[in-house]
Amino acid sequence: MTLDREAFQKLLFKTAFCLMACDGQIHELEIKELKSMVKNTSYFHGIDLSGEVDLMLHELQNKGRHLVDEILEALHQLNLSTVQELLVLEVAFRLANADERLDENEIKFIRFLRGKLRVYDEIIRDRFGPVEYLFDKNYANEIVKEESRKELMDVFKIPDLTIEYHSFQDGHDF
């Protein structure tokens, strides 16, 4: 199944939001980076991101880490192009590095994310360089085989989320 542009953009945003939330705090620098992507790229063009933030906060509150599992499984089930998969990784890398510290949960999330994508490691290396924490193992194959999805989600925990909600809403920059 392939996605239309709007559905892909919403999935990309959901993935970005989960990455930002996975360490239990949506940092102001992550919000700033997301707003920069909204302003300077077409990744989220035409999407009401304020509404998407509201939806994601509600879904995260109701589903917790199961929301992450749903999003990762959707990425795996969809027939994304190589370009779309690289966009997912680019957004994840940019947001993970936005607050100038890489949390263990962010690393786990990106590894799990990579395990759900079909793009070859060589293409990822060509595009992003040697991402050390991503290539210390072949996450395209081994992580999915080594752990069931239940075990994967047991390892991946989302602490209680703290967020300054007004940071998303200030001036409706989205």
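No lab work stands behind these numbers, since they all come straight from the coordinates. No experiment lies behind these values; they were computed from the predicted model shown. Cβ sites come from the backbone with ideal geometry, for glycine too, and all protein chains shown count toward neighbours.
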Study note, to complete from the structure: So Ser42 and His58, fully extended at 0.36 nm per residue minus their Cα-Cα distance, gain in nm 3.2 nm
**Study point:** Neighbour-count ranking [beta-carbon atoms within 10 angstrom, fewest first] of Asp126, Asp4, Asp99, Asp121
**Key:** Asp4, Asp126, Asp121, Asp99
